[in-house]
Amino acid sequence: MFPGLTTTYWLTLHGLATVVAVLLYILTSHALQQRRHPSAAIAWVLFILLMPYVALPAFLTFGSRKQARPRNSGRPGSSTGEAPGSWAVRTAVALGQPEPAAYEALHLHADGREALLRLRDVLDGSLHSIDICTFILGDDALGGEIVERLCAKARAGVRVRLMLDGLGRLIGGRPNLKPLTAAGVELTLFVPPLHSPLKGRTNLRDHRKLVIADAAHATRRLWSGGRNLASEYFEGAPGQAPWHDLSFDLRGALVQQASALFEHDWAFANGRKAVSVEAAREETPAPIGPSAQLVASGPDQVDDTVHALLVTAAYRASRRLLLVTPYFVPDAALLMALCLAARRGVEVNLLLPARSNHRMSDLARRRALRALAGAGGRVWFVPHMVHAKMVVVDDAVAFIGSANLDSRSLFLNYELMFAFHDGRAIEASAGWFERERSLATRYLPARPGLLGDVADGLVLWLGFQL
């Protein structure tokens with residue numbers, strides 16, 4: 001390429017570049033206190049050794065999984081060495097999550113129609129503020145309706161804030177957001193694609209779903225769950241059946257904790273120092289009556305909280321585990337915990353769409369489904385797209401929220417689940433599950449051939465980002 005420069009020179013230069021790339025990987029991982037599964041760490045190192053000029057920019061852009069964050073110094077109940085409550089409460093608190101907070105008037109939405117009616121009621125009934133966090137705002141009839149309602153509220157003097165994921169905006173079809181800002185709505189995009197790529201955050205998406213009305217007032221209300229703000233999650237588009245999803249709304253002190261999490265995310269998305277959520281937790285009175293906990297998971301948490309709770313739940317379950325998810329690509333630890341639960345006699349029921357909207361995820365789930373079914377777990381396929389995320393453990397707890405049972409949700413995304421401890425909420429969740437299962441058919445595993453087994457392994461090897 002350049003006269004006078006020998007092959008030995010270029011090989012030496014390439015070797016130095018490779019060494020520098022590996023050192024940057026090690027130093028960056030150490031400085032950011034990154035904890036990776038050994039297979040993921042080995043994959044990054046091999047990628048860097050084989051293709052350093054491609055791998056290093058990719059690592060700097062996509063490789064960071066956690067923000068450095070100090071562990072909480074103490075929590076209520078820590079002085080005695082154990083927080084009060086059930087194993088689910090104690091585990092969540094040990095993972096840095098808030099103590100249970102009271103709620104009232106819980107409505108678990110039966111279908112998309114009811115979910116939309118309750119959403120309209122929350123928005124229209126707001127008197128002081130509306131805070132919304134969503135992954136997708138659709139460029140469709142439902143998205144347009146939401147925009148119109150938010151604009152009307154902003155013009156009426158209500159403070160309206162909308163936090164939309166940067167990548168989610170593209171997936172939703174790039175809805176027109178100009179009317180929002182013109183009406184006075186405060187709008188922020190959570191890490192737009194290619195924004196600050198050297199911070200390693202481009203691949204970390206905000207998948208949490210929250211609609212909070214009048215957070216600082218007695219009229220406070222919360223609407224949350226797994227639904228994005230697009231037509232398919234509610235009543236469907238013309239000629240298209242709606243997806244089956246799960247959401248809820250409620251009132252009470254729990255709304256304050258959700259608001260504190262929103263404030264934390266809002267500050268981060270706007271490049272400000274994230275506000276502490278501890279103050280809101282300490283001000284929450286001890287619950288009287290039904291209670292629930294926020295379980296936030298993602299790069300802003302020290303631990304992989306949802307994953308840790310699910311693994312614990314699988315080992316603690318004694319009677320039943322009901323799981324609903326659109327995508328089932330668990331890591332080895334969670335899959336083993338579920339299989340062992342099934343082997344010791346726990347009724348493990350997993351409900352999935354026969355075919356989801358992500359074909360790669362459907363391919364990647366096959367080996368895990370065979371393992372779970374082989375251990376005695378029951379897998380059910382529904383003929384429609386189900387987008388709900390729910391786990392019911394015995395009569396102890398029901399988790400409802402935004403986290404799928406795949407590695408992207410459990411290890412990469414900002415996610416939010418609510419742990420309901422009240423018996424009525426748990427049975428209502430189980431009832432929702434049984435209504436869906438009545439429409440399902442049992443999955444019967446078939447042993448794959450050699451090529452099929454190899455293909456499944458290759459998909460899983462590439463599937464950590466699913």
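The values are calculated or read from the model by the stated rules, or taken from the named source; none is laboratory data. Just so you know, these numbers come straight off a predicted model, no measurement behind them. All Cβ positions, glycine included, derive from the backbone under ideal geometry; neighbour counts span all protein chains shown. Remember, those area values only see protein heavy atoms, side chains included, never the ligands or the DNA or RNA. Shrake-Rupley method; radii C 1.70, N 1.55, O 1.52, S 1.80 Å.
List of remarks:
- Qualifying residue in region 274-287 (condition: in contact with an Asp or Glu (Cβ under 8 Å, 6 or more places away or on another chain) and at pLDDT 95 or above): no
- Considering (1) closer than 19 Å to SER402 by Cβ; (2) more than 23 Å from the chain's Cα centre (by Cα); (3) of a type in the set (S, T, N, Q), the lone condition that ASN176 does not fulfil carries the number (1).
Per-residue answers, yes or no, for (1) β-branched (Val, Ile, Thr); (2) surrounded by 18 or more Cβ atoms within 10 Å (Cβ to Cβ); (3) at pLDDT below 95:
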position	(1), (2), (3)
VAL392	yes, yes, no
SER402	no, yes, no
PHE418	no, yes, no
GLY431	no, no, no
GLU436	no, yes, no
ALA446	no, no, yes
LEU460	no, yes, yes
PHE464	no, yes, yes
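- Within region 108-136, if we keep just the residues that are part of a loop (DSSP other than H, G, I, E, B) and not hydroxyl-bearing (Ser, Thr, Tyr), the residue that is most open to solvent (accessible area, probe 1.4 Å) turns out to be LEU127.
- Whichever residue in region 335-346 is in contact with a helix residue (DSSP H, G or I) (Cβ under 9 Å, 6 or more places away or on another chain) and surrounded by fewer than 19 Cβ atoms within 10 Å (Cβ to Cβ) and, among such residues, is nearest to GLU415 (Cα to Cα): MET336
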